[in-house]
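One structure below.
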Amino acid sequence: MASLQVSGMVVSGSSSSCCSHKTLVRATINGPKIRIGSLSLPRLSSKDFIEELSIRSDGYGIPVTTQMEKRFGPKTSSSDPVVVAKLYAIMEAVADRIEMHENIGEQRDNWNHLLLSSIHAMTLTAATMCGLAAASASGEPFAGLKVSSTILYLAATGMLAIMNKIQPSQLAEEQRNAARLFKQLHGQIQTLLSVGTPTASDVNEATENVLALDKAYPLPLLGAMLEKYPSSVEPAVWWPQQRRKQAKGLGRKIEGNGWNRELEDEMREIVGVLKRKDKADYLRLSEKALKAHKMLAFSGPLLTGLGALGSAFVGTTNPWAVILGVAGGALASVVNALEHGGQVGMVFEMYRSNAGFFKLMEESIESNINETNVWGRENGQVYEMKVALQLGRSLSDLRDLAASSSLRNIEDTEEEFGSKLF
């Protein structure tokens, strides 16, 4: 029930003064009384709330999911922020290297095509001029054709010697491998940041991997270029050398973390197959490619040099001068087409890299099975799946390969290659 009371008062004065009316209003509201008891509210940490709001909001308190979280999930809250920042800095450096290696690889592939086309044109033009000079036999046209042919042959010889020294097709293959491996490292760091708990050792390992790749696939040509004609063939190495762990027989625990005796024996058989078949086969192919590489690299400049010598003596009584001048240019064009058109240097680098891939798998498997503490290894089931995928096999195929390798030692049967990819 509510009541409203109004009281008024009028005050009058002299005629010159004005009248003032003041009205006072007083309201009284009578309603049901409400008793408010004590409420228990959860305690909120202002620090945690502000941090969460600053990280997870767009500045207006509205939660926002970042692109990194959409792609890889939320970050681990227990990670050291300094370690995470260092890993992101390494990722930025790796992304920059990917871009550099891709650009330089494309540039050096263009070198191979442009230099090969130019040297072909110069060699065939010189051979044609040499033949025309021999046909004219005298006069000013004869002298001009003869001198022009000799100059073109000498220029082609010099350019071909430089091209054989740097091997643009092999340089391009090196840069392609480097870009692929840096992309692989970039993905590994992303996975670690998204599903793992990074530590300082992960930062050191990622840094060592970056430096090892820089050493294996250098960007500059002068002073740091890889040897294109090594005396012996070795697998390519682009990872930091791990300290080999010696397995101890006493107190060695095998069960746990996805590992058991059968899985260890299976991995040992896989290592044996990779050593005996895959890596050995690619090293043998690398040696053959290197021999052909050396022979073709020596033959090209030799033939253009003989062509220059023959064209210089065109018009003399020696008939072999014309033969050398024309046939030398024709043979040089064939040799250059085989070497640089067929990209023999690239094939050699590809075989060497494949041998390095199997060497890396061997070292990785041996490092895991020689670790005495199974909890210091990678999870056995996950690792077995990774090995199977790297070899292009299913888990059942991988186990059959290990079983057939163990039977080979007893029955002396033909052994198959470990990899089905290449």
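Scanning for something open to solvent by 60 Å² or more (accessible area, probe 1.4 Å) and either outside any helix (DSSP H, G or I) or closer than 30 Å to G345 by Cα (or both), does region 139-149 turn up at least one residue?
Checked region 139-149: no residue is open to solvent by 60 Å² or more (accessible area, probe 1.4 Å) and either outside any helix (DSSP H, G or I) or closer than 30 Å to G345 by Cα (or both).
Taking region 368-409 only, how many residues are open to solvent by less than 30 Å² (accessible area, probe 1.4 Å) and of a type outside the set (A, V, I, L, M, F, W, C)?
7
From the list E174, E205, pick out the single residue that is free of Cβ contacts under 8 Å to residues at least 40 places away in the same chain, out of contact with any Cys (no Cβ under 7 Å at 6 or more places or on another chain), in a helix (DSSP H, G or I) and farther than 26 Å from A121 by Cα.
Values: E174 fails: free of Cβ contacts under 8 Å to residues at least 40 places away in the same chain.
Exactly one of E174, E205 is free of Cβ contacts under 8 Å to residues at least 40 places away in the same chain, out of contact with any Cys (no Cβ under 7 Å at 6 or more places or on another chain), in a helix (DSSP H, G or I) and farther than 26 Å from A121 by Cα, namely E205.
Report yes if A143 is of a type in the set (G, A, S) and closer than 30 Å to P240 by Cβ, otherwise no.
Against the criterion (of a type in the set (G, A, S) and closer than 30 Å to P240 by Cβ), A143 does not qualify.
Here's a check for you: in region 302-346, which residue that is touching a His at 6+ places or on another chain (Cβ under 8 Å) and closer than 30 Å to Y217 by Cα is most open to solvent (accessible area, probe 1.4 Å)?
A337
Step by step: first the residues of region 279-301, then only those that are aliphatic (A, V, I, L, M) and under 29 Å from C130 (Cβ atoms), then the one that is most open to solvent (accessible area, probe 1.4 Å). Which residue is that?
Here the residue is M295.
Filter region 361-379 down to the residues that are assigned to a loop (DSSP other than H, G, I, E, B) and over 23 Å from the mean Cα position of the chain (by Cα), then identify the one that is farthest from L274 (Cα to Cα).
Result: N373.
Please pick out the residue among K165, K183, K215 that is modelled with pLDDT of 95 or more, part of a helix (DSSP H, G or I), open to solvent by 40 Å² or more (accessible area, probe 1.4 Å) and closer than 29 Å to G345 by Cβ.
None of the other options fit; the residue is K183.
Of a type in the set (G, A, S), out of contact with any Phe, Trp or Tyr (no Cβ under 9 Å at 6 or more places or on another chain), more than 22 Å from P218 (Cα to Cα) and not in a helix (DSSP H, G or I): does that describe S79? Full working, then the answer.
Values: of a type in the set (G, A, S): yes; out of contact with any Phe, Trp or Tyr (no Cβ under 9 Å at 6 or more places or on another chain): yes; more than 22 Å from P218 (Cα to Cα): yes; not in a helix (DSSP H, G or I): yes.
Answer is yes for this residue.
The values are calculated or read from the model by the stated rules, or taken from the named source; none is laboratory data. A quick note: this is a predicted structure, and the numbers were derived from the prediction, not measured. For neighbour counting, all protein chains shown are included, and Cβ atoms are generated from backbone atoms with ideal geometry for every residue, glycine included. Surface accessibility is based on the protein's heavy atoms, side chains included, excluding ligands, DNA and RNA. Shrake-Rupley method; radii C 1.70, N 1.55, O 1.52, S 1.80 Å.
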